[in-house]
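To start, the structure itself, in structure tokens.
The values are calculated or read from the model by the stated rules, or taken from the named source; none is laboratory data. For clarity, every value in this text was computed on a predicted model and none was experimentally measured. When we count neighbours, we look across all protein chains shown, and the Cβ atoms used for this are built from the backbone with ideal geometry, even at glycine. Accessible surface areas use protein heavy atoms only, side chains included; no ligands, DNA or RNA. Shrake-Rupley method; radii C 1.70, N 1.55, O 1.52, S 1.80 Å.
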Amino acid sequence: MPFPAGLPRNPEAVEFGSLIVSRAWKYDGSAHWVVPGFYLGSDEHGHWLHQPAGSLVARPGTAHLAATDALCLIPHRGFWVATLYSDAADDFDVYIDLATSIGWQPLRRGGWEVNSVDMDLDVIRSRSRGTFLDDEDEFAEHALSMNYPEALQRQMRETSASLLHDVAENLPPFTHSHRQIWLAKVAELPR
């Protein structure tokens, strides 16, 4: 199934606590990760979702239950989607998937789906390894096998360099203090 194209970058009004299904695709149209979450609100950086511990995280061929709570940030602009972890025992602190074709659509029976095309490269802040760029080998391989356009490859490289800087310098929205604003809203979600 090909990924949805031409969806609006930002949704219409979304109610607090609405179910949001984050669905990632690969550039060739194959399905990638699907992760549910709940809408917390938006700020100048983008739309914030809560992805609770115990949520089913799935892609073709594998699935697991999320071990910890996380926040997902879908930015208003840019070529990425970020997951920010709330458990200091988790090695990952920030995990940013570089992505394109980010767009929202309503689900048939309430809630929303946000789609993106995963472009392989990941900017990660790890408690044990620091800040680094991951999956450059996968990006190079898929650039050939999936025929990534040169302009798209350049955009992903420029975006990854900018994000590496911002995460390493601990700039908002990647700071723990900014994250706490949104984690505080999790207690207000309906049970």
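Here are some notes:
- Listed here are the strands (runs of 3 or more DSSP E) enclosed by region 83-191 that have at least 1 residues being in contact with a strand residue (DSSP E or B) (Cβ under 8 Å, 6 or more places away or on another chain) and either within 18 Å of Ile20 (Cβ to Cβ) or of a type in the set (Lys, Arg) (or both): 92-106, 112-126.
- Which numbered condition Asp90 misses (of (1) in contact with a Phe, Trp or Tyr (Cβ under 8 Å, 6 or more places away or on another chain); (2) under 23 Å from Val123 (Cβ atoms)): (1)
- Qualifying residue in region 121-134 (condition: surrounded by fewer than 19 Cβ atoms within 10 Å (Cβ to Cβ) and closer than 23 Å to Leu7 by Cβ): no
- Within region 85-105, if we keep just the residues that are at pLDDT 95 or above and open to solvent by 10 Å² or more (accessible area, probe 1.4 Å), the residue that is farthest from Leu164 (Cα to Cα) turns out to be Gln105.
- One residue from Pro4, Pro8 being more than 18 Å from Lys185 (Cα to Cα), outside any strand (DSSP E or B), open to solvent by less than 60 Å² (accessible area, probe 1.4 Å) and of a type outside the set (A, V, I, L, M): Pro4
- Per this entry, Trp48 is not counted among residues that are aromatic (Phe, Trp, Tyr), open to solvent by less than 40 Å² (accessible area, probe 1.4 Å) and under 20 Å from Pro4 (Cα atoms).
- Among the residues making up region 108-120, those that are open to solvent by less than 50 Å² (accessible area, probe 1.4 Å) and out of contact with any Pro (no Cβ under 8 Å at 6 or more places or on another chain) are Gly110, Gly111, Ser116, Val117, Asp118, Met119, Asp120.
- Test: residue in region 57-70 that is touching a residue at least 40 places away in the same chain (Cβ under 8 Å) and either hydrophobic (A, V, I, L, M, F, W, C) or part of a loop (DSSP other than H, G, I, E, B) (or both): yes
- Annotation note: Cβ proximity below 7 Å between a residue of region 24-38 that is without any contact (Cβ under 8 Å) to a residue 24 or more places away in the chain and a residue that is surrounded by fewer than 20 Cβ atoms within 10 Å (Cβ to Cβ) and among the polar types (S, T, N, Q) (sequence gap 6+ or interchain) occurs for Pro36/Ser55.
- Answer residue from region 139-191, given it is hydroxyl-bearing (Ser, Thr, Tyr) and open to solvent by 80 Å² or more (accessible area, probe 1.4 Å) and is farthest from Phe79 (Cα to Cα) among those: Ser177
- Residue that is farthest from the chain's Cα centre (by Cα) [pool: residues in region 52-77 that are open to solvent by 60 Å² or more (accessible area, probe 1.4 Å) and within 27 Å of Pro172 (Cα to Cα)]: Ala67
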